[in-house]
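Input: a single structure, listed below in structure tokens.
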Amino acid sequence: MAPVIVNITYYLKPDTEDKFWEAGKPLLDEMKRDERLQYLNFSKIATEPNAIRLVEVWEGKIEELKADSENRKGMAEFLKVLDEIKSKDYVVEPLIPIEGQEYRKPGLTL
């Protein structure tokens with residue numbers, strides 16, 4: 001089964017990033033305990049101030065992962081805070097890799 005890659009882009013109001021991290025920590029801790037989570041990375045979007053991109057890589061079926069995500073203990077509180085600090089709605093993009101269309105430099109580990 002191919003991994004599921006999930007890109008989530010959060011758009012925050014200025015000066016609210018600390019609240020974002022504080023609200024997200026319990027949810028992230030819960031996610032990290034899930035054996036299906038293979039990779040997780042946060043990045044700031046260089047061309048868009050106050051935007052944060054989360055990349056997750058999971059093993060599993062999209063439908064199951066989505067249902068489990070919605071039912072995580074920390075999700076409701078995170079979404080409540082996010083609603084207060086967002087400048088616009090967040091965007092979730094689940095992706096499935098195209099077999100044979102990946103390049104990884106020899107020796108590179110992520």
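Rule-based calculations on the coordinates, nothing more; no lab input. None of the values given here were measured: they were computed from a predicted structure. FYI the Cβ positions are ideal-geometry reconstructions off the backbone, even for glycines, and counts take in every protein chain you see.
Evaluated against (1) part of a loop (DSSP other than H, G, I, E, B); (2) surrounded by 14 or more Cβ atoms within 10 Å (Cβ to Cβ), I98 falls short on exactly one condition, (2). Set side by side, the residues K19, K44, K13 differ, and just one is free of Cβ contacts under 8 Å to residues at least 40 places away in the same chain, over 21 Å from P97 (Cβ atoms) and among the charged types (D, E, K, R), which is K44. Would you pick out the residues in the range 1-21 that are within 13 Å of the chain's Cα centre (by Cα) and β-branched (V, I, T)? If the condition is that a residue be within 13 Å of the chain's Cα centre (by Cα) and β-branched (V, I, T), then V4, I5, V6, I8, T9 are the ones that fit.
Go over the candidates V6, V57 one by one and state the one that is surrounded by 15 or more Cβ atoms within 10 Å (Cβ to Cβ) and in contact with a Ser or Thr (Cβ under 9 Å, 6 or more places away or on another chain). One residue alone meets the criteria, V6. If you check K25, K19, K66 for being part of a helix (DSSP H, G or I), basic (K, R) and touching a Leu at 6+ places or on another chain (Cβ under 9 Å), only one passes: K19. Is it true that some residue in the range 42-51 is over 16 Å from K19 (Cα atoms) and assigned to a helix (DSSP H, G or I)? No, every residue in the range 42-51 fails to be over 16 Å from K19 (Cα atoms) and assigned to a helix (DSSP H, G or I). Filtering A46, A51, A67 for residues that are exposed (fewer than 15 other Cβ atoms within 10 Å of the Cβ), under 28 Å from T109 (Cβ atoms), over 12 Å from the mean Cα position of the chain (by Cα) and of a type outside the set (V, I, T) leaves a single hit, A46. The set of residues in the range 75-99 that are of a type outside the set (D, E, K, R) and over 14 Å from the mean Cα position of the chain (by Cα) comprises A76, V81, I85, S87, I96, P97, I98. Here the range 22-41 is the region considered, the condition is being free of Cβ contacts under 8 Å to residues at least 24 places away in the same chain and under 16 Å from P94 (Cα atoms), and the residue that is farthest from the chain's Cα centre (by Cα) is L37.
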